[in-house]
Amino acid sequence: MIVIIIAAGQAKRLRPLTETRLKGSLPIMNEPLLVHMADMIEESGLMDKLVIVVSPGQVEKMRAIFASKEYSNKIEVTIQDPAQGTADAVAQAEPFVGNEKHCLVMNGDILAPLDAIIPELIDHHKKINAKCSMVVFPGEDERYGLLRITDDGKVLDIKEKAKGDSNDGEQKYINAGIYLFGNDLFDTIRATPLSERGEYEITDTISLLGKKGAIGALITNNWMSIENPIDLFNAQKFFPPKEETLKMQFHSGGEIGFKAAEDIFFDAEIEIEFSSVFFKGPVLVGKGTLIETGSKIGPRVYIGSDCEIGGDSIIAETLMMKKSRIENSCEIASTIIGEEVVVGSNSKIIPIKLSKELLNGNRDRNKLNDFIIIGGKSILSTGVTITKGCKIAAHSIVKKDD
């Protein structure tokens, strides 16, 4: 089967994190988002070719994400230029589809157990002889398309980003952005009119197909979309940790503190001290990361590879991307740190006070002003204090007196 992933666009809502990297390369437990997706699709055994649709200037960066994967020879990257909506993005993949009877289409910013969902979606599609079948998630959210479905798994109607719909008590479903189409997909895209937003929407294409036959709906209760930096932070707990990360591999000593030989995960039940470094799970420490003595790490801390954390620092509720460095005696909480960031010693980055509730809780956070977001390759000098949620652009230099 041909799989098409829509990964075009500039991911403005994820800035400043996407000012230095593609949205699809943002880390979920230290692995790129799109790699998580592609691994699961490959594991289903149904992927003959993966076509990824990107914006101009993103082709080589996208190829680099998959360079080390065994299935990299199955991957094609094509460009949408100009950006004219989701249906237009899918249309760019037509030259790679050939005579395939079916193709799978999905948004490039979702998390779901795709290896299990895809076979179920195919079976449901065949069972009801659908023109198109889609995955849906129970709930309502104005950010996503909204659907009503029948008891036997057919779509009654679909609206693109249905803002302001009243809650009439009827169960509604979010469009999860995973679709199975037949070989009339591209002809139907060519017949799709411009939407009110001036784009060619894949949901309008599906509505046209619905005039010819059934539109299937498969319900999943395990799904999320990465729309903003807070979604990215909350996504770190979407998948269970890989078994190999639970096997303790580290170098230690009074001089160096704790250094991870491979990715290491401390689960939520763990409170433990190694080499004078205290961990309160959940904590992920990336391969090659050094944490110096006297530091306290956790809970809900996710550290990328080859990072450094100086001695006597306190880090809680933080996502820290690869090759970043926090120097001695820092206090950091509710912060998302891009790659190759430097935070000077004696800095305090704490929009939410390190209270007992914060340290012991395990709740989702969904307000951007709850967090400080630091773009990649930024430098915060010694003694910087930030106590309110904010965004710091990539490549910034922040001094103590700023």
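Each value in this text was obtained by applying a stated rule to the coordinates, not by laboratory testing. These numbers come from a predicted model, not from an experiment. Note: ideal-geometry Cβ built from the backbone for every residue, glycine included; neighbour counts use all protein chains shown.
Laid out as a table, the results:
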{"read-out": "Exposed-loop-free span, longest in the chain, where GluC sites (Glu not before Pro) count as exposed if DSSP calls them loop and at most 12 other C-beta atoms lie within 10 Å", "value": "270-402"}
{"read-out": "Volume per residue of the C-alpha convex hull in the stretch 2-229, rounded to whole Å³", "value": "128"}
{"read-out": "Solution diffusion estimate, µm²/s, Stokes-Einstein, the stretch 82-137, Kirkwood Rh from C-alpha pairs, 4 °C, viscosity 1.567 mPa s", "value": "98"}
{"read-out": "Set of lysines near Lys74 by C-alpha distance (under 19 Å), chain-local residues within fewer than 8 positions excluded", "value": "Lys49, Lys61, Lys101"}
{"read-out": "Rounded to 5, the percent of DSSP beta bridges in the stretch 2-229 classed as antiparallel", "value": "50"}
{"read-out": "Cα-based radius of gyration of the stretch 50-96 once divided by 2.2 N^0.38 Å, which approximates compact folds", "value": "1.16"}
{"read-out": "Candidates Asp151, Asp187, Asp81, ranked by Gaussian network fluctuation over the chain, Cα under 10 Å, top entry", "value": "Asp151"}
{"read-out": "Contour minus Cα-Cα distance for Glu140 and Asn99 (0.36 nm per residue)", "value": "11.1 nm"}
{"read-out": "Test item: Cα-centred dipole of the chain, Lys/Arg +1 and Asp/Glu -1 on Cβ, debye", "value": "720"}
{"read-out": "The chain - mean residue ellipticity at 222 nm from DSSP helices (-39,500 (n - 2.57) per run, n ≥ 4, rounded to 500)", "value": "-4500 deg cm²/dmol"}
{"read-out": "Selection from Ile373, Leu156, Met134 lying farthest towards where the dipole of the chain points positive, charges on Cβ", "value": "Ile373"}
{"read-out": "Length added when fully stretched, Asp152-Asp39, from 0.36 nm per residue minus Cα-Cα", "value": "37.6 nm"}
{"read-out": "Of the DSSP H helices in the chain, those whose Cα atoms cover at least 15 Å axially and whose Kyte score averages 0.5 or more", "value": "33-43"}
{"read-out": "Dipole magnitude of the stretch 228-328, debye to nearest 20 (Cβ charges: Lys/Arg +1, Asp/Glu -1, about Cα centre)", "value": "200"}
{"read-out": "Distribution of pairwise C-alpha distances over the chain, 10 Å bins, in %", "value": "5, 22, 29, 23, 15, 6, 1, 0"}
{"read-out": "Estimated distance in nm for a label pair at Lys242 and Ala83, the labels positioned 7 Å out from Cα along Cα-to-Cβ", "value": "3.1"}
{"read-out": "Rounded to 5, the percent of DSSP beta bridges in the chain classed as antiparallel", "value": "40"}
